[in-house]
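Data block below; observations after.
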Amino acid sequence: MSWTGKILRVDLTSGTVKSEPLNTEWAQQYIGQRGLATRYMCAEVDPAVDPLAPENKVIFATGPLTGTAASTSGRYSVITKGPLTGAIACSNSGGFFGAELKFAGWDMVIFEGKSPTPVYLYIENDDAKLMPADDLWGQSVWATDKALHDRHQDPQLRVAAVGRAAEKGCLYAGVVNDLHRAAGRSGVGTVMASKNLKAVAVRGTNGVSNIKDPARFMKAVAAEKAVLAENAVTGQGLPTYGTQVLMNVINEIGAMPTRNARDVQFEGASDISGEAMHEPRKTDGRPNLTTNAACFGCTIACGRISSIDEKHFSVENKPQYHHNSGGLEYEAAWALGSDCGVDDLDAATYANFICNEDGIDPITFGATLAAAMELFEEGVITTEQTGGIELKFGSAEALVKMVELTGRGEGFGAELGLGSKRLCEKYGRPELSMTVKGQEFPAYDPRGIQGMGLTYATSNRGACHVRGYTVASEVLGIPEKTDPHVTEGKAGLVKAFQDATAAVDSTGLCLFTTFAWGLENFAPQLDAACDGEWTVERLAEAGERIWNLERAFNQAAGLTGADDNLPKRLLKDAGKVGPTAGMVNRLDEMLPEYYSLRGWTDDGLVPDETRQRLGIADSL
Amino acid sequence: MLKSLHIDPGKCTGCKQCEMACSYEHEQSFNPSLSRIKVFDFHEQGRFVPYTCTQCTEAWCLQACPVDAISANESLGAKVVSADLCVGCKVCTIACPFGTISYNPRSGVVSKCDLCDGSPKCAEACPTGAITFVDASATGLDKMRQWAQKTDTAAG
């Protein structure tokens, strides 16, 4: 097998917990994790549901290879209908929690209903129970993690929790596990908090021992680990610089959204880059980066463990932050840095700590603050709204203050917590929100990387880079180089990346392996471990099925082709400098071809014949 | 040549590939809770440290065992538990100064690192070289080499 064959169903309304068998027929069609949980969502939740109503569900899902010796096997996802977008939300996280859930014997946990009072779920192998969390409500993720470790006297307990932002209704609150790994985007933590569910604490000692062909699996795992080790990106670039290896690269090609995407290059990029994280600080001689770190089972180890200069204004009188924790990854460094015009590495690191401590998505937070800064500079909002803070681009002080307020849902932070779409609409300037389907786009400017425009526009969870990372091809030349400035061929490229990613996100392994691996590297590992025959063709087909099922969910939720759009700024305001000067994103040259390749109507609807072909006709 | 496990915490990323390799070899299960090697995460210091039995020459566990269930494999340098002889009294877990022998409630016997018959799976699985299996008399060779490189007594 390699699935545990069991799912845990938690009815928060009645407080009951029960085990039920996994639908193995669906597992063969949807693999696990992202795909399989989406299948359950479609079967059990009305897509038109209010995301914050008790009728919405939250699913924690592992993949069949989660918790195995396969490299990067620490992944799990949180799937629900998202409050930021009104679309299907699926956020993927690493760390150690996912593997622990698998070791406890569970493929998935489905949370339904709403608890009358705050609770957390405690799982010890087969035993699972809801326990009171009244004393944890109002606590940060970090305080919750510590309290649960103290309460259960178990240093090996793994905790996933929501922070204060989620409780206060921030629409982009994440689920944070192991202190600094997060199912970060689309507000999956907000939905969890809306159910009065504060945390999931798990201890698993059953292990994974049902590999189909162990000898063949161990051989495949060793061979694919070697591929990762020998690849320049996964073997050298990512361990040394993390995803921050991209900061200078993306800036140089003029694809760095800067100051709310008014500009396409940031003059301070090198100061907040992966290289800068290695430089000794002037004050204490230590670098920002202490070490790289791996998630469970990962032989890449791109994670950053960083410290902040104790003399820096952000932590000067806060000894509780004078230690190491999860450091900046590229998306966070961009959002908290470039997009706000901030070139202060310590301030961005501090903001990142707070995003982890209080459980907010640094991409949407940073991009929302950037929109607020533009509103402020245009005089639309003033210190009257911001509580006296000058929200100027480049202000590290504003960044530090606003991340604290947003993390706690206080003052102007409560408004920032609603995301840039609602903020800019409220103040009459909707065009200043850099969102698709209500979610902020991340650190690649589609004016300089055309395919990413189509990726953002068509992403099923709102603008996102990890739904079809054509940057790999358009910038890095993986698996082969395409010209980032042309639109020809991008529809097919985006579709191929989206489908492959949907499959990868359903296996239990990490998308970052795909800098070195194609589906041909996943197939032998899955085939040796899992029931059924797993070929490249079958994985690609499953990926396409998953993508279309997500799309069908969104269609039933009321989204249409009109939602496959980009902010006007990317379509009308040309880049001013560098290699992107004079360029806009030409989405209209790609979208019709994309719909056609997908087998969708000219309006972007998923027709019956496509549903029949992919076997999803009866899924909704 | 007698070999021993050598651990360089500075290279460890905390991935736990070693724990999975160990538990798979000995228990046919990917199960860190049954691994005889453990990686410790000193989160606030940003340090990861793998730790396991160092195969003491005069082993406290071996001396303490009342039923002679722990024996020395002289050619490997390993102290090996016989699951058939072990009665699960746990006296060895008290005697060991390092905590590297532990009781398994499911099997009812103790377990410890046995060097996998001379090819330790943890070292094979480690992606960074933090765990190596090297000449027992020269575990410090890499450190010596590093310092040797910095030593320059030649006059100009």
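Do the conditions hold for A:THR190, that is, is it buried (at least 24 other Cβ atoms within 10 Å of the Cβ), at pLDDT 95 or above and either touching a helix residue (DSSP H, G or I) at 6+ places or on another chain (Cβ under 9 Å) or within 14 Å of another protein chain (Cβ to nearest Cβ) (or both)?
On the way: buried (at least 24 other Cβ atoms within 10 Å of the Cβ): yes; at pLDDT 95 or above: yes; either touching a helix residue (DSSP H, G or I) at 6+ places or on another chain (Cβ under 9 Å) or within 14 Å of another protein chain (Cβ to nearest Cβ) (or both): yes.
So A:THR190 fits the description; yes.
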A:PRO155 vs (1) within 14 Å of chain B (Cβ to nearest Cβ); (2) assigned to a helix (DSSP H, G or I); (3) open to solvent by 40 Å² or more (accessible area, probe 1.4 Å): all pass except (2)
Per the filter on region A:414-448, residues of a type in the set (A, V, I, L, M) and over 16 Å from A:LEU591 (Cβ atoms) are A:ALA414, A:LEU416, A:LEU418, A:LEU423, A:LEU432, A:MET434, A:ALA443
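Conditions tested, residue by residue: (1) surrounded by 23 or more Cβ atoms within 10 Å (Cβ to Cβ); (2) closer than 25 Å to A:VAL264 by Cβ; (3) in contact with a Cys (Cβ under 8 Å, 6 or more places away or on another chain).
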site	(1), (2), (3)
A:LEU328	yes, yes, no
A:VAL342	yes, yes, no
A:ALA371	yes, yes, yes
A:MET402	yes, yes, no
A:THR406	yes, no, yes
Examine region A:316-323 for a residue that is surrounded by 19 or more Cβ atoms within 10 Å (Cβ to Cβ) and within 30 Å of A:GLY67 (Cβ to Cβ), and state whether such a residue exists.
no
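Name the residue that is surrounded by the fewest Cβ atoms within 10 Å (Cβ to Cβ), counting only residues in region B:27-59 that are of a type in the set (Asp, Glu) and at the interface with chain A (Cβ under 9 Å from one of its Cβ atoms). Reasoning before the result, please.
Taking region B:27-59 as the starting set, the residues that turn out to be of a type in the set (Asp, Glu) are B:27, B:41, B:44, B:58.
Next, only the ones that are at the interface with chain A (Cβ under 9 Å from one of its Cβ atoms) stay: B:27, B:41, B:44.
Working: B:GLU27: 19, B:ASP41: 18, B:GLU44: 13.
For region B:27-59, the residue satisfying everything is B:GLU44.
Given the options A:ASP339, A:ASP343, name the one that is under 22 Å from A:SER395 (Cβ atoms) and in a loop (DSSP other than H, G, I, E, B). Working first, answer last.
Details: A:ASP339 fails: in a loop (DSSP other than H, G, I, E, B).
After applying the criteria, what remains is A:ASP343.
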Original post:
A:GLY86: crowded, with 17+ Cβ neighbours inside 10 Å and away from chain B (no Cβ under 14 Å), yes or no?
Top reply: yes
In region B:60-70, anything open to solvent by 20 Å² or more (accessible area, probe 1.4 Å) and in contact with a strand residue (DSSP E or B) (Cβ under 6 Å, 6 or more places away or on another chain) is listed as B:LEU62
Taking region B:5-26 and keeping residues more than 7 Å from every other protein chain (Cβ to nearest Cβ), more than 14 Å from the chain's Cα centre (by Cα) and either free of Cβ contacts under 8 Å to residues at least 60 places away in the same chain or open to solvent by less than 10 Å² (accessible area, probe 1.4 Å) (or both) leaves none
Flagged in region A:70-109 as under 16 Å from the mean Cα position of the chain (by Cα) and part of a strand (DSSP E or B), in numbering order, are A:TYR76, A:SER77, A:VAL78, A:ILE79, A:THR80, A:LYS81, A:ILE88, A:ALA89, A:CYS90, A:SER91, A:ASN92, A:SER93
Among the residues of region A:403-428, the number that are over 21 Å from A:PHE353 (Cα atoms) and of a type in the set (Ser, Thr, Tyr) is 2
In region A:307-318, anything among the polar types (S, T, N, Q) and either under 19 Å from the mean Cα position of the chain (by Cα) or more than 8 Å from chain B (Cβ to nearest Cβ) (or both) is listed as A:SER314, A:ASN317
A careful count of residues in region A:118-135 that are assigned to a strand (DSSP E or B) and open to solvent by less than 50 Å² (accessible area, probe 1.4 Å) gives 8
**Asked** In region A:219-236, is there at least one residue being touching a residue at least 40 places away in the same chain (Cβ under 8 Å), under 18 Å from A:VAL471 (Cβ atoms) and β-branched (Val, Ile, Thr)?
**Response** yes
inquiry  = Condition check: on the phi > 0 side of the Ramachandran plot and either free of Cβ contacts under 8 Å to residues at least 40 places away in the same chain or out of contact with any Pro (no Cβ under 7 Å at 6 or more places or on another chain) (or both). Does A:GLY341 satisfy that?
reply    = yes
Query raised in the report: Is it true that A:PRO21 is crowded, with 22+ Cβ neighbours inside 10 Å and either more than 24 Å from the chain's Cα centre (by Cα) or modelled with pLDDT of 95 or more (or both)?
Result: no
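Can you tell me how many residues within region A:49-63 are more than 18 Å from A:ALA556 (Cβ to Cβ) and not in a strand (DSSP E or B)? Steps first, please.
So in region A:49-63, the residues more than 18 Å from A:ALA556 (Cβ to Cβ) come out as A:52, A:54, A:58, A:60-63.
Now restrict to residues that are not in a strand (DSSP E or B): A:52, A:54, A:63.
Looking only at that region, the number is 3.
Of the residues B:SER35, B:SER102, which single one is among the polar types (S, T, N, Q), outside the structural domain of B:GLY10 (by TED's automatic domain parsing) and within 26 Å of A:GLU100 (Cβ to Cβ)?
Numbers: B:SER35 fails: outside the structural domain of B:GLY10 (by TED's automatic domain parsing).
Unique residue meeting the criteria: B:SER102.
The values are calculated or read from the model by the stated rules, or taken from the named source; none is laboratory data. What you see is a predicted model; the values in this text were computed from it and never measured. Quick reminder, even Gly has a Cβ in these numbers, built from the backbone with ideal geometry, and neighbours come from all protein chains shown. What goes into the accessible areas is simple: the full protein's heavy atoms, side chains included, and nothing from ligands, DNA or RNA. Shrake-Rupley method; radii C 1.70, N 1.55, O 1.52, S 1.80 Å.
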